[in-house]
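**Student:** Can you read through this structure? Questions will come right after.
The values are calculated or read from the model by the stated rules, or taken from the named source; none is laboratory data. This is a predicted model, so every value here is computed, not measured. We place every Cβ from the backbone using ideal geometry, glycine too, and count neighbours over all the protein chains shown. The accessibility values were calculated without ligands, DNA or RNA, using every heavy atom of the protein model including side chains. Shrake-Rupley method; radii C 1.70, N 1.55, O 1.52, S 1.80 Å.
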Amino acid sequence: MTHRISFTAWLAASLASVTASAGVLQVDVSSRDGQPLVDAVVIVEPVGNPKAASPASAPVTIDQQRMQFIPAVAVVTRGSTLRFTNRDGWDHHVRGIPLGNLAQGDSARGFEMRLAGHSGQGEPASQTVLMDRAGPFQLGCHLHSSMRGAVFVTDSPWHGKTDAQGVMRLQDVPEGPARIRVWHADQLVDAAPVDVTVQALTVTSIPTQITPRRRRP
Ligand SMILES: [Cu+2]
């Protein structure tokens, strides 16, 4: 499922909608071998900007379908709620494990839930969890070790993930210095943040040392 619009059309629409002090930021993320890196989480933190992120107004849904988490990677703001829905005909026992930041004293608090298989009648089993801790979480299933997913919880209102072309675009990013952090579920170490100066239109490339695992077909 790839929806491509021409960059020019997108840019024209974007520039028309931004205010004078905010810009458009495009981040191109590449893997260790120089290929577009898909599903990389990109967090932009404008320096000195106190704007806080508001939680998503509605639960962000992550389905379990055909032994996969869909979407495989989600980025949400802190205080948002995730809704896990099992659309398979068998049980899943979903778990979310927080990664990193342990050195800063955060407790290793995760979550788990058992969701019964869907008989095909009525609503599928579903449960919500409040994401009140910032950082990356690895999703898995106690019953099916091949199931992998990730949720990144951020305090920045400016965030996204790269598409099939390894591209993430944001509008309304405050102009001026900003710090970009890239996170990927298959990374081995945290990469150093990248400093940029956001202008009316900023395109920046971020090469990484990440080699993504092959996805199951
Ligand atoms: Cu499962």
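**Student:** Answer yes or no as to whether D190 is surrounded by fewer than 20 Cβ atoms within 10 Å (Cβ to Cβ), touching a Lys or Arg at 6+ places or on another chain (Cβ under 9 Å) and outside the structural domain of G79 (by TED's automatic domain parsing). Talk me through it step by step, then tell me what you get.
**Tutor:** On the way: surrounded by fewer than 20 Cβ atoms within 10 Å (Cβ to Cβ): yes; touching a Lys or Arg at 6+ places or on another chain (Cβ under 9 Å): yes; outside the structural domain of G79 (by TED's automatic domain parsing): yes.
Yes.
**Student:** Within segment 142-168, how many residues are touching a residue at least 24 places away in the same chain (Cβ under 8 Å), within 16 Å of the ligand (Cβ to nearest atom) and of a type in the set (S, T, Y)?
**Tutor:** Residues that pass the stated criteria total 1.
**Student:** Confirm whether T202 is surrounded by 13 or more Cβ atoms within 10 Å (Cβ to Cβ), assigned to a loop (DSSP other than H, G, I, E, B) and on the phi < 0 side of the Ramachandran plot.
**Tutor:** In short, no.
**Student:** Scan segment 124-139 residue by residue and report those that are modelled with pLDDT of 95 or more and more than 13 Å from L99 (Cα to Cα).
**Tutor:** Result: P124, A125, S126, Q127, T128, V129, L130, M131.
**Student:** Six or more apart or on different chains, Cβ under 9 Å: which pairs go from a residue in segment 76-97 that's closer than 12 Å to F111 by Cα to one that's within 13 Å of the ligand (Cβ to nearest atom) and outside any strand (DSSP E or B)? Could you list them?
**Tutor:** From segment 76-97, the pairs are F84/A125; H93/H142; H93/L143; H93/H144; V94/H142; V94/M147; R95/H142.
**Student:** Ok, one more. Quick one: which residue in V94, V76 is touching a Leu at 6+ places or on another chain (Cβ under 8 Å), within 16 Å of the ligand (Cβ to nearest atom) and open to solvent by less than 10 Å² (accessible area, probe 1.4 Å)? Before the answer, list the steps.
**Tutor:** Numbers: V76 fails: within 16 Å of the ligand (Cβ to nearest atom).
Residue meeting the stated conditions: V94.
**Student:** Take the residues in segment 47-60 that are closer than 18 Å to F152 by Cβ and over 13 Å from the mean Cα position of the chain (by Cα); name whichever of them is least open to solvent (accessible area, probe 1.4 Å).
**Tutor:** Across segment 47-60, the extreme among qualifying residues is A53.
**Student:** Within the group R214, R181, which residue is open to solvent by 90 Å² or more (accessible area, probe 1.4 Å), part of a strand (DSSP E or B) and closer than 15 Å to A40 by Cα?
**Tutor:** That would be R181, the only listed residue that is open to solvent by 90 Å² or more (accessible area, probe 1.4 Å), part of a strand (DSSP E or B) and closer than 15 Å to A40 by Cα.
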